[in-house]
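The values are calculated or read from the model by the stated rules, or taken from the named source; none is laboratory data. All values derive from a computational prediction rather than experimental measurement. For neighbour counting, all protein chains shown are included, and Cβ atoms are generated from backbone atoms with ideal geometry for every residue, glycine included.
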Amino acid sequence: MLLTFPKKRILAFNDAIFSIAITLLVLDIEIPDTAAIRTDGIWQVLGNLIPNFIGFFVSFLVISLYWISHLKFSKYIKLYDNRLLWLNLLLLLFIVLLPFSTAFYVNSFNEDSAFQVYCINLIFLGIFNFLMIRHVAKLNTKMPKLVSRWLKFRSLNVNLIWVLSLALATVLPDLISRLLFVLIFVFQFWGDRYFKNKGLLKKLHKKSTT
């Protein structure tokens, strides 16, 4: 059953959730205690916060990427139904959980199980992002197939990296498994170039002028 209430309400709600989640990330970075700074020195105290900053920057980047993805496919949404609304809410559920899983991860930075919990959060986030893109393309047939393939590719390759990170967390050294996410940018760059060569820019430009 198709719904008819204003799309702006959905997008405003989504933007609010994304902005709140991204703000909550910084709360896990505690302001250094003055006594500790005097005892250990400012650089030692800040060095102890490195895991917190790593978790903050990675999760900030992840939420930003999903918000950008949401922007990219939301402009194609002309028709929506209850299923799309629930997929959207499930996506937001795992966005809201990200500050918790980030804090859990950084507070046990060298524990593989804590990192795996973080990866599971991101995997479910990626699953619902992909399902949303697929359902938007199904409901809104004016979305060019090339654009749909591009968005699905970007969603799937992000999830692939987190699945690999989860699977290899107990096999690879901590630093390597924690930095596998850098491959996301390599895959995204390669994928964007591939789809641009297939005429993606023309499809996007055509959409923006109609």
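Within the stretch 148-162, being under 17 Å from TRP67 (Cα atoms) and β-branched (Val, Ile, Thr) holds for one residue alone: VAL158. Residues in the stretch 136-157 that are surrounded by 18 or more Cβ atoms within 10 Å (Cβ to Cβ) and closer than 20 Å to LEU89 by Cβ: 4 in all.
Given the structure, is LEU164 under 22 Å from GLY55 (Cβ atoms) and at pLDDT 80 or above? For LEU164, the condition - under 22 Å from GLY55 (Cβ atoms) and at pLDDT 80 or above - is met.
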